Amino acid sequence: MAESDNIVVETAEKIFADLADPQEVNNDKKNSWQGPLWQALSEAGLPLSWVPDDLGGSGASLADGFALLNAAGRFAVAVPLAETMLAGWLLAQAKIASPEGEMTVLPASPKDRITLDADGSLSGRARGVPFAKAAKHFAVLAHGKDGVSIALVDAAKARIESGLNVGYDHSDTVTLDKVQPVTLKAASKGFDQTTMMLMGGVARSLQIAGALESMLDISVRYSNERVAFEKKISKFQAVQHNLARLAGESAAALAAATSAADAIANATRFDDEVYLEAASAKIRCAEAAEKGGAIAHQVHGAIGFTLEHILHRYSLRALAWRDDFGSESHWAVELGKLVANRGADELWPLVASR
Amino acid sequence: MTAALRFDPIRLPEKCEQLRKEVRAFLAEEIAAGTFDPHKPNREDTDAPEFSRRVGAKGWLGMTWPKKYGGQERSFLERYVVTEEMRVANAPTRRFFVADRQSGPVLIKYAPENIKMEILPRICRGEICFAIGMSEPNSGSDLFAAKTRATKTDGGYLINGTKIWTSSAHIADYMIAIFRTSAPTKENRRHGLTQFLVKMKQPGIQVNPIGQITGQYEFNEVVFTDFFVPDDHVLGEVDGAWKQATSELAYERSGPERFLETYYVLTELVRAVGPNPDTRSAEGIGRLVAQLHTMRRMSVSVAGMLEAGKEPVVEASIVKDIGTVWEQQLPHRVRDLAAFVEETATNRETLERQLDFAIKTAPKLTIQGGTTEVLRGIIARGLGLR
């Protein structure tokens, strides 16, 4: 995705460059960058990009929001920007206004379920919820006897067991035990947990693609600086071919993620074609995170394995993002079932649908 | 950023979908009439001149070319749809595919007007077959080591030497080849090669078929002995072929043929596992479909850039690198997944026969039309490493 294609991305990139420079963030052991960054993002209305004006947001298009997430991936942004955007989007699906402050969504895995009891309270456990510890509110998708509802929940009413993902970001277990939501409304017809997981998966895909773009960028630069055996390592064919493969993985991730984002942004409903796009993006981006990240580390050698170097901010987050909203294994099984169920002769028409 | 790689999402316009329906209907009729068997992958065995003419009559050859040369002035995205539907159906495209993809565009760019008027309409009608004369016994990936000589004589050139691995030379009516007209210079080792149009099936050209490990005889050795080529068959600048190669490469490298060569085994695997696959089969199929979908979206994106008049050489090389490695691995992954398919699956025999052929085909996929190593070199140059 091009940088600075639109005003949302331009604004975000300026904020990231000023307040979330990966090297400065990495040097700051006290995380004192987080507060100013979140404040600047909030003042620019970015966390509530996907919330319409009348529900308290800035009403950006889905496409602009996706481009923003790709940019956030390029900076390995480690504040709950994607999570708050997804939460605002989820709440807006039921016309619930978004409050100020950090939010996240639950469940964050297709395997977990939150249930809505007859008394209007919510119960259930959600694992691997990104930035739950930092969130003031949760946007919750719950299953009741009348179908799917969406709720705004005060984070203080939940039990949170803190955890970290492989990228050192919060990934927590949230337990709701007969929690009364702030607001609860029925989801629009046809909206279900799968839709929410696909949307979350595409968000993560764009972040992974962005991280890979940066990994390619810093790996190419490093190879043009580092000298070994009396020449720049970029002049060794083995290194060149590794970097060419990294470019391929980065390109594949970007193409898969932006294609899925485009499909969702222009879809009237989540049909099989959108399912193919979104599931494929998560699967292919997760594969690229593994293969591409490994090459970026290989090119950097020992220095890239240090906490002092910024590479791990991208490589480990890209790996961690694979797990959120359904892993690539989960989506591969689901996509495989969908394909098998449609039948052999319906595979090509599905693939060639746009 | 070092690398400004772009793969913008392209949505095929509505007219493409209409065209797709027409192509599918046409192919269904051809299959019903017994022209070819879509389950039989070794389509290269079949030379189908009549089929070729019928495709031409549909207006699907040279479809992006100017109307005065027999073309339709349609978009690259429409051509893309025709190409991918033909591939997926295992249609016998050998007779026209090279001319349509590559040779015609070279002629449009570099041939004199009289040659264009004579030959291009015949390509569009599906009447003639082209071969590409690049490799020689001691010059493969290193194109600029070519030694076959074109020596100036009255009114033209005399050709002496040998081309090799030349696909379809045994049925081709024409070849577009590079021959040495001068020695390379100290400053530029690429200097001295010239592109020529060669009329085949004449004295002075001997075509010797070479057996391939698939059992087919699809490529050839082509020996030139004092073979005369007239002056107006020179394509472009004498000694300057190296300047002319790059722009065509994006077309050659990024099409659907660069990842669909073994696609049929995936379809047949889906048929074999049935509507309720176990977890292992489902996951395997899901990953393969996700990878396929991603490559197609990349390939369509490159087609969109070509349509917009860009020259996405690096992006096209990435599509071919990832695409050919994938289609090479595909039969082996399908074989893995098929290991536990029920013995009673009705298409088991078809799948096994297809796998046998695809596994034998696989090694060539990362060699033909630019090896993986050459492609990665081009990508590395695009990244600023060379």
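The values are calculated or read from the model by the stated rules, or taken from the named source; none is laboratory data. These numbers were taken from a predicted model, which means no experiment stands behind them. Methodologically, a virtual Cβ is constructed for each residue, glycine included, from the backbone with ideal geometry; neighbour enumeration extends over all protein chains shown.
Could you list, in sequence order, all residues of segment B:333-386 that are small (Gly, Ala, Ser), under 30 Å from A:Ile218 (Cα atoms) and part of a helix (DSSP H, G or I)?
If the condition is that a residue be small (Gly, Ala, Ser), under 30 Å from A:Ile218 (Cα atoms) and part of a helix (DSSP H, G or I), then B:Gly377, B:Ala380, B:Gly382 are the ones that fit.
Only residues in segment B:364-386 that are more than 8 Å from chain A (Cβ to nearest Cβ) count as the first member; pair them with residues that are surrounded by 18 or more Cβ atoms within 10 Å (Cβ to Cβ) and assigned to a loop (DSSP other than H, G, I, E, B), Cβ under 7 angstrom, at least 6 apart or cross-chain, and list the lot.
B:Leu365/B:Glu261; B:Thr372/B:Thr366
If you go through segment B:274-314, how many residues are facing chain A (nearest Cβ under 7 Å), more than 19 Å from A:Ser327 (Cα to Cα) and part of a helix (DSSP H, G or I)?
4
In this structure, is B:Gln354 away from chain A (no Cβ under 11 Å), of a type in the set (S, T, N, Q), buried (at least 22 other Cβ atoms within 10 Å of the Cβ) and closer than 22 Å to B:Asn42 by Cβ?
yes
Residues A:Ala320, A:Ala255: which one is buried (at least 16 other Cβ atoms within 10 Å of the Cβ), at pLDDT 95 or above and in contact with a helix residue (DSSP H, G or I) (Cβ under 8 Å, 6 or more places away or on another chain)? Before you say what the answer is, go through the steps one by one.
Working: A:Ala320 fails: in contact with a helix residue (DSSP H, G or I) (Cβ under 8 Å, 6 or more places away or on another chain).
None of the others qualify; the one that does is A:Ala255.
Does any residue of segment A:64-81 turn out to be over 13 Å from the mean Cα position of the chain (by Cα) and among the aliphatic types (A, V, I, L, M)?
Among the residues of segment A:64-81, not one is over 13 Å from the mean Cα position of the chain (by Cα) and among the aliphatic types (A, V, I, L, M), which makes the answer no.
Here are A:Leu243, A:Leu206: which of them is of a type outside the set (Val, Ile, Thr), buried (at least 24 other Cβ atoms within 10 Å of the Cβ) and closer than 20 Å to A:Ala302 by Cβ?
Sole residue among the options that is of a type outside the set (Val, Ile, Thr), buried (at least 24 other Cβ atoms within 10 Å of the Cβ) and closer than 20 Å to A:Ala302 by Cβ: A:Leu243.
Looking only at segment A:260-294, filter to residues that are among the β-branched types (Val, Ile, Thr) and surrounded by fewer than 24 Cβ atoms within 10 Å (Cβ to Cβ); which one of those is modelled with the lowest pLDDT?
A:Thr268
A:Gly167 is checked against (1) more than 9 Å from chain B (Cβ to nearest Cβ); (2) in contact with a Phe, Trp or Tyr (Cβ under 7 Å, 6 or more places away or on another chain) and fails just one. What number does that condition carry?
(2)
Could you figure out which of (1) touching a helix residue (DSSP H, G or I) at 6+ places or on another chain (Cβ under 8 Å); (2) assigned to a helix (DSSP H, G or I) isn't true of B:Arg122?
All conditions pass for B:Arg122, except number (1).
Could you check segment A:6-21 and list, in sequence order, the residues that are in a helix (DSSP H, G or I) and more than 18 Å from the chain's Cα centre (by Cα)? Give the derivation first.
Going through segment A:6-21, the residues in a helix (DSSP H, G or I) turn out to be A:7-19.
Correct list: A:Ile7, A:Glu10, A:Thr11, A:Lys14, A:Ile15, A:Ala17, A:Asp18, A:Leu19.
Could you give every pair whose Cβ atoms fall below 7 Å, whose first residue belongs to segment A:244-271 and is more than 8 Å from chain B (Cβ to nearest Cβ), and whose second residue is at pLDDT below 95, counting only separations of at least 6 or pairs across chains?
So the pair list comes out as A:Arg269/A:Gly190.
Taking segment A:220-236 only, how many residues are at the interface with another protein chain (Cβ under 9 Å from one of its Cβ atoms), touching a helix residue (DSSP H, G or I) at 6+ places or on another chain (Cβ under 8 Å) and in a helix (DSSP H, G or I)?
Selection size over segment A:220-236: 3.
Being part of a helix (DSSP H, G or I) and touching a strand residue (DSSP E or B) at 6+ places or on another chain (Cβ under 9 Å) is the requirement here; does B:Phe26 meet it?
no
Criterion first (of a type in the set (Gly, Ala, Ser) and either at pLDDT below 95 or on the phi < 0 side of the Ramachandran plot (or both)) does A:Gly65 satisfy it?
Considered against the rule, which asks whether it is of a type in the set (Gly, Ala, Ser) and either at pLDDT below 95 or on the phi < 0 side of the Ramachandran plot (or both), A:Gly65 comes out as yes.
Within segment B:83-105, can one find any residue that is outside any helix (DSSP H, G or I), farther than 30 Å from B:Pro230 by Cβ and of a type in the set (Lys, Arg)?
Scanning segment B:83-105 turns up no residue that is outside any helix (DSSP H, G or I), farther than 30 Å from B:Pro230 by Cβ and of a type in the set (Lys, Arg).
Filter segment B:268-298 for residues that are out of contact with any Lys or Arg (no Cβ under 9 Å at 6 or more places or on another chain), in contact (Cβ under 8 Å) with a residue 40 or more places away in the chain and either under 18 Å from B:Ile367 (Cα atoms) or of a type in the set (Val, Ile, Thr) (or both) and give the result.
The answer is B:Val273, and nothing else.
Of everything in segment A:290-344, what is within 14 Å of another protein chain (Cβ to nearest Cβ), without any contact (Cβ under 8 Å) to a residue 24 or more places away in the chain and assigned to a helix (DSSP H, G or I)? Give them in sequence order.
A:Ser329, A:Val333, A:Gly336, A:Lys337, A:Val339, A:Ala340, A:Asn341, A:Ala344
Between a residue in segment A:53-65 that is without any contact (Cβ under 8 Å) to a residue 60 or more places away in the chain and more than 23 Å from A:Arg269 (Cβ to Cβ) and any residue that is buried (at least 19 other Cβ atoms within 10 Å of the Cβ) and among the small types (Gly, Ala, Ser), which pairs come within a Cβ distance under 6 Å, given they are 6 or more apart or on different chains?
A:Gly56/A:Ser98; A:Ser58/A:Ser49
Say whether the condition of being more than 19 Å from A:Leu316 (Cβ to Cβ) and within 13 Å of chain B (Cβ to nearest Cβ) is met by at least one residue in segment A:184-193.
The answer is no; no qualifying residue exists.
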